[in-house]
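Comments concern the structure below.
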Amino acid sequence: MATIMHVDMDSFFAAVEQRDNPELRGKPVIVGGTRDSKRGVVSTCSYEARKYGVHSAMPIAQAVKLCPHGIFIPGDHKKYAAVSGQIRSVFYRFSPVVEIVSIDEAFLDMTGCEHLYGSLEDLGRAIKEQIYETVSLTASVGIGPNKFIAKLASDYRKPDGLVVVRPEEVWDWLAQFPVKKVWGIGQKTAEILASWQIYTIADLRRCRRETLVERFGKYGDTLYQLARGIDPRPVEPESETKSLGRETTFETDISALPKLRQVLAELSAEVGYRLRRHGLWARTITVKLRYHDFTTITRSASLPEPVNNDDDIFSTACQLLVKNAGSRPVRLLGIYVSQLTSFGQASLFSDPRREELARVMDELNTRHGRRVIYKGRQLPLDSGGK
């Protein structure tokens with residue numbers, strides 16, 4: 001039986017600011033923009049601010065109304081990334097198998113390491129203490145037999161929590177949770193389940209596997225398993241990948257720019273999905289063009305901040321395409337991203353609502369095992385675009 005740990009830093013960005021400025025401690029700190037930001041959104045807020053209803057991805061203007069005495073801070077990505085790096089070094093003191101989920105959370109596979117500690121609780125306390133000694137910040141830790149249980153456990157008693165769920169406890173412990181706590185269940189799925197009088201995981205267990213698969217496709221089988229505490233996903237160590245890309249060779253050479261743009265949009269979406277799947281961001285975008293005479297060129301652009309959103313990737317790639325495609329027929333078109341990092345935290349530099357849209361699209365496309373949602377720029381052109 002596996003032993004999986006999930007570590008989630010408590011209100012990370014706000015906590016770093018409170019650590020570095022003692023005057024902010026115990027006060028409602030809201031990171032993401034200044035008080036007069038017209039288009040800013042909340043990236044993270046302290047637990048003191050959450051008491052007023054402030055939460056991530058909320059427009060700053062709304063946060064000001066809910067918490068007028070809040071302390072609004074634009075945020076310092078470089079500082080947060082540096083602190084995250086220190087925390088990551090702690091993870092590797094405990095396990096070589098670490099999956100970085102985001103700048104402030106990670107899974108650790110502790111299977112086989114349990115005997116080094118008196119109990120699983122001692123293990124959890126040890127990593128919490130090491131993190132605090134290293135960066136003077138608290139973390140919430142969940143330990144369970146798989147990633148799903150560990151993630152739920154880390155969120156159960158935040159902040160500064162420690163929850164251990166042993167294999168024999170999973171069935172009863174899970175039953176209490178609302179279905180929206182199940183990985184992948186969003187508002188729409190929850191509404192469908194509610195129409196079936198299903199509100200908790202205990203209720204979800206009443207559904208036959210066949211019924212769930214018939215209604216939700218492949219994801220229905222996942223729901224059936226998660227409701228029973230079954231999650232076979234392994235902890236995936238950090239990728240050693242230096243670049244990601246996708247290219248396609250046309251059956252017939254293409255010279256029409258609109259058609260090339262449409263293909264580039266599709267390739268950008270695929271590369272963006274792969275980045276998000278691995279929790280990576282990219283700073284450099286490269287477009288590859290092979291012409292009808294087999295002449296091949298690559299053109300790159302490096303961005304001031306790393307990205308993993310389809311819109312950002314396509315926008316940069318499209319500029320490179322327009323500047324370099326010319327009128328010659330194109331035989332091959334490709335896009336590559338490099339200078340990869342796990343420290344993107346794009347919400348500091350772009351609208352989190354757009355990042356949430358990407359997440360929802362990824363979720364739906366993954367759930368159905370195929371692409372079911374496209375952006376307009378990805379749709380084939382009627383003209384054929386030769």
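For the reader, a short list of remarks on this structure follows.
- Alpha-carbon centroid distance for the pair region 293-325 / region 168-215, whole angstrom: 43
- Amide H contacts for V42 (H built 1.01 Å from N in the peptide plane; partners 5 or more residues away or on another chain; cut-off under 5 Å): A57, M58, I60.
- Distance (nanometres) between label positions extended 7 Å along Cα→Cβ at Q62 and R215: 2.8
- A quarter of the convex hull surface defined by the alpha-carbon atoms of region 157-274 gives 12.8 nm² as the mean projection.
- Rg to Rh, two decimals, where region 1-167 supplies the alpha carbon set and Rh follows Kirkwood: 1.02
- Using the Cβ of P159 as centre and a radius below 14 Å, the other residues enclosed give a net charge of 0, where K and R count +1 and D and E count -1.
- Listed peptides 308-317, 227-236 by packing density, highest first (mean Cβ within 10 Å): 308-317, 227-236
- Taking all Cα pairs closer than 8 Å and separated by 6 or more residues, the relative contact order of the chain comes to 15 percent.
- Label-to-label distance, nm, for residues given as R206 and K180 (7 Å Cα→Cβ offset): 2.1
- Pairwise FRET efficiency - Y199 versus R35, Cβ, R0 = 35 Å, nearest 0.05: 0.35
- Of the chymotrypsin sites (Phe, Trp or Tyr not before Pro) found in region 156-224, the ones in coil according to DSSP and having at most 15 other Cβ atoms within 10 Å of their Cβ are W183, W196, Y199.
- Over all distinct Cα-Cα pairs of the chain, the Kirkwood formula returns a hydrodynamic radius of 23.1 Å.
- Taking a straight Cα-Cα cut-off under 30 Å and skipping sequence neighbours fewer than 8 places away in the same chain, the lysines within cross-link reach of K128 are K27, K51, K78, K79, K147, K151, K158, K180, K181.
- Amide H contacts under 5 Å for V101, placed H, 5+ residues apart: A106, F107
- Only lysines eight or more places from K323 in sequence, or on another chain, were considered; those with a Cα closer than 27 Å are K242, K259, K288, K375, K386.
Quick note: the coordinates plus some simple rules give every number you see, no bench work behind them. Note that the coordinates shown come from a computational prediction; the quantities given were computed from them, not determined experimentally. Glycine gets a Cβ as well: all are built from the backbone with ideal geometry, and neighbour counts include every protein chain shown.
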